[in-house]
1. From the P(r) of the chain, can you give the percent of Cα pairs sitting at distances over 18 Å?
2. Work out how much length Ala26 to Arg46 would gain on full extension: take 0.36 nm times their residue separation and subtract the Cα-Cα distance, in nm to one decimal.
3. Quick check: the angle from helix 5-25's long axis to the longest principal axis of the chain, C-alpha only, nearest 10 degrees?
4. Rounded to the nearest 500, what is the 222 nm mean residue ellipticity of the chain from helices alone, with -39500 (n - 2.57) per DSSP H run of 4+ residues and division by all residues?
5. What's the angle, to the nearest 10 degrees (0 to 90), between helix 28-59's Cα axis and the longest principal axis of the chain?
6. Give the lysines reachable from Lys53 as a straight Cα distance under 22 Å; neighbours fewer than 8 places away on the same chain don't count.
7. Could you work out how far apart the two model spin labels at Gln37 and Gln57 are, taking each label as a point 7 Å from the Cα in the direction of the beta carbon, and quote it in nm?
Amino acid sequence: MMYDYDGLIRETLKRLKDLEEQLKIADTDAEEVIFYQLQAEKARLRLLLREAKKSEQVQA
């Protein structure tokens, strides 16, 4: 099964940017929630990058 890793990575980077902007204006209660969302998106990005690299190596 082939995934559009470029598209998924781009979407994740956009969500990270949006969350970072939200964090700048968030009140104290929302900061913790946004922080954990950021951590989840960063983990997702690492996973996508790892899988994209594996996929690239298999195709080569």
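Read the figures in this text as sums done on the coordinates, not as results from a lab. Everything quoted here is computed from the prediction, not taken from an experiment. Note that we place each Cβ from the backbone using ideal geometry, even for glycine, and neighbour counts take in every protein chain shown.
1. Roughly 43 percent, once rounded to a whole number.
2. Values: separation 20, 0.36 × 20 = 7.20 nm, distance 2.55 nm.
Stretched out fully, the Ala26 to Arg46 stretch lengthens by 4.7 nm.
3. 10
4. For the chain, the value works out to -31500 deg cm²/dmol.
5. So the helix axis and the longest Cα principal axis differ by about 10 degrees.
6. Within the straight-line cut-off, Lys53 pairs with Lys14, Lys42.
7. My value for the distance between the label points is 3.4 nm.
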